[in-house]
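Below: one structure, written as structure tokens.
Nothing in this text is a laboratory measurement; each read-out follows from the coordinates by a stated rule. Worth saying up front: this structure is predicted, and the values here are computed from it rather than measured. With ideal geometry, Cβ positions are generated from the backbone for all residues, glycine too; neighbour counts draw on all protein chains shown.
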Amino acid sequence: MDITPTNQILAVITTSRDRVGGSAPIFYADSVSELEQMAVYLSRIFMAAIHDLGNEVYIIVKH
């Protein structure tokens, strides 16, 4: 029996320190362009999907 969760939040990327919290790794970007680039790099590293939550917050999710 496989007990591995099917959807895991692997990382959170944002430009604002007051918008996010929790136990997933959080990466802070200095600009929107850096935010987008970090999201792409992390999604490739983790082989996972990028989800834009709005307000300059992205999450990387393994489905």
The chain: most fluctuating residue of 45, 26, 13 per GNM, C-alpha cutoff 10 Å: 45
Low-density loop positions, trypsin sites (Lys or Arg not before Pro), the range 1-62 - DSSP coil, at most 14 other Cβ in 10 Å: 17, 19
Sites matching GluC sites (Glu not before Pro) across the range 1-60 that sit in DSSP coil, with at most 14 neighbouring C-beta atoms within 10 Å: none
Net charge over other residues, Cβ less than 15 angstrom from the Cβ of residue 53 (K, R count +1; D, E count -1): -3
Helix 32-46 vs. the chain, principal-axis angle (Cα, 0 to 90°, nearest 10): 20 degrees
